[in-house]
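The values are calculated or read from the model by the stated rules, or taken from the named source; none is laboratory data. Only a predicted model underlies this, so the values are computations on that prediction, with no experimental measurement involved. Cβ placement follows ideal geometry from the backbone for every residue including glycine, while neighbour counts extend to all protein chains displayed.
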Amino acid sequence: AQKVTQTQTSISVMEKTTVTMDCVYETQDSSYFLFWYKQTASGEIVFLIRQDSYKKENATVGHYSLNFQKPKSSIGLIITATQIEDSAVYFCAMREDYNQGKLIFGQGTKLSIKP
Amino acid sequence: GGIITQTPKFLIGQEGQKLTLKCQQNFNHDTMYWYRQDSGKGLRLIYYSITENDLQKGDLSEGYDASREKKSSFSLTVTSAQKNEMAVFLCASRDWGNQDTQYFGPGTRLLVL
């Protein structure tokens, strides 16, 4: 069975620094897709970035990038030059290729950015 | 652009009551989802639907029914509300063309007295 685990419950960093949030996953499938979503204090959930398991290059979008370590079943989210508005809960999620869009989410990591 | 609307925003029910939550999307997406989020927790899939009149159970389907009579709408019914239950129910739709993103609605907050 597939599973996604985020062990960091909360992280606090200073503004303008770099932060990494961890995520490990379990799957029997050889092809899968990994996602990161952000939930703001208002409850809004937005998609941030995606990594396909067959791609060796780490995905990057704006100041978000991924550290994909396939042998370790790990997909870390890196945020560089953090801003106050990056304060939110970040969820890692996985979709197995055969699934019709079914996503399994991790428990989330609460990120606080201090001025 | 499009939007997902969920009604009601807040739902207060009594133990044993049947409660229905509604979701509408104007993205014209085929696949829609219902998730439950408990305080401080992740999202757990209750039901999803890949097209009109299709229903697929998620990991948390027990105690819930769903209905997808139109492409644009997806309803969730709590068949028998549990006392002291409190959670947020989130509806989402899937955008194949944009990195397989899911767009989420604002949620319905449920409280059972």
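Among residues belonging to region A:27-56 that are within 12 Å of chain B (Cβ to nearest Cβ) and in a loop (DSSP other than H, G, I, E, B), point out the one that is surrounded by the most Cβ atoms within 10 Å (Cβ to Cβ).
A:Gly43
Looking for whichever is in contact with a helix residue (DSSP H, G or I) (Cβ under 8 Å, 6 or more places away or on another chain), more than 14 Å from chain B (Cβ to nearest Cβ), of a type outside the set (Gly, Ala, Ser) and surrounded by 12 or more Cβ atoms within 10 Å (Cβ to Cβ) here; the options are A:Ile75, A:Ile79. Which one fits?
A:Ile79
Is it the case that A:Ser87 is more than 13 Å from chain B (Cβ to nearest Cβ), over 17 Å from A:Thr7 (Cβ atoms) and either in contact with a Lys or Arg (Cβ under 9 Å, 6 or more places away or on another chain) or not small (Gly, Ala, Ser) (or both)?
yes
What is the one condition in (1) outside any loop (DSSP other than H, G, I, E, B); (2) free of Cβ contacts under 8 Å to residues at least 12 places away in the same chain that B:Glu62 does not satisfy?
The number of the failed condition is (1).
For region B:65-74, name all the residues that are surrounded by fewer than 19 Cβ atoms within 10 Å (Cβ to Cβ) and part of a strand (DSSP E or B).
B:Asp65, B:Ser67, B:Glu69, B:Lys70, B:Ser73
Please find, within region B:13-56, the residue that is surrounded by the fewest Cβ atoms within 10 Å (Cβ to Cβ) out of those that are away from every other protein chain (no Cβ under 13 Å), modelled with pLDDT of 95 or more and not in a loop (DSSP other than H, G, I, E, B).
Only one residue fits best here, namely B:Thr20.
If I filter region B:75-96 for residues that are at pLDDT 95 or above, away from chain A (no Cβ under 12 Å) and in contact with a Cys (Cβ under 9 Å, 6 or more places away or on another chain), do I get at least one hit?
Yes.
Just to verify a result, which residue in region A:96-115, among those that are touching a Leu at 6+ places or on another chain (Cβ under 8 Å) and at the interface with another protein chain (Cβ under 7 Å from one of its Cβ atoms), is modelled with the highest pLDDT?
A:Phe105
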